[in-house]
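Notes follow once the structure below has been shown.
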Amino acid sequence: MSARRAPASSPESEPFWEATRERRLVLQWCTICDEPVQFPRSFCPGCQRSSLEWRDAAGTGTVYAVTVEHKPEAMAVEEPYAIALVDLDEGARFMTNVIGCEPDDIRIGMAVRVTWEALEDGRNLPLFEPVVIGPVAQLREG
Ligand code: ZN
């Protein structure tokens, strides 16, 4: 069980958080622009229309940027941890934590996939972990 505070949800982000109960990662899309919308909102920032829907995301992406935090205060974790910007294959960019490896081993362009951390209220927090192919991690060069 996570020691993290459960993230607050807004009316716009409610479908995102409801899907995490089933450990599904969903993205809001504009059906006119055919682009993912980040972050959840009522109108597409591209065309200003409300032609938005929720679609399942594959949950795979690559690390765009990473920083290692050694003095966490906002979150109830004690170990150094990595805050990363992950570009999902669908094109949306997530600020998240990458877990499952040493924070200092995380590289730009590394292939990652979603993994879930249970929250007390039944929702799940999407985090990312390296995609390991075979006995040795294959790092995708960005
Ligand atoms: Zn649009």
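Worth a mention:
- Filter result for Ala65 (under 14 Å from the mean Cα position of the chain (by Cα), more than 21 Å from Gln28 (Cα to Cα) and surrounded by fewer than 16 Cβ atoms within 10 Å (Cβ to Cβ)): yes
- Residues that are surrounded by fewer than 15 Cβ atoms within 10 Å (Cβ to Cβ) and under 23 Å from Gly122 (Cα atoms), drawn from the range 21-60: Arg21, Glu22, Arg23, Phe39, Arg55, Asp56, Ala58
- Elements of type strands (runs of 3 or more DSSP E) contained in the range 1-66, each with 1 or more residues being under 26 Å from Ile83 (Cα atoms) and away from the ligand (no atom under 15 Å from the Cβ): 26-30, 52-56
FYI, it's all coordinate maths here, none of it is from the lab. Quick caveat, the model's predicted, so the values are computed rather than measured. Every residue, glycine as well, gets a Cβ built from its backbone with ideal geometry; the counts of neighbours run over all protein chains shown.
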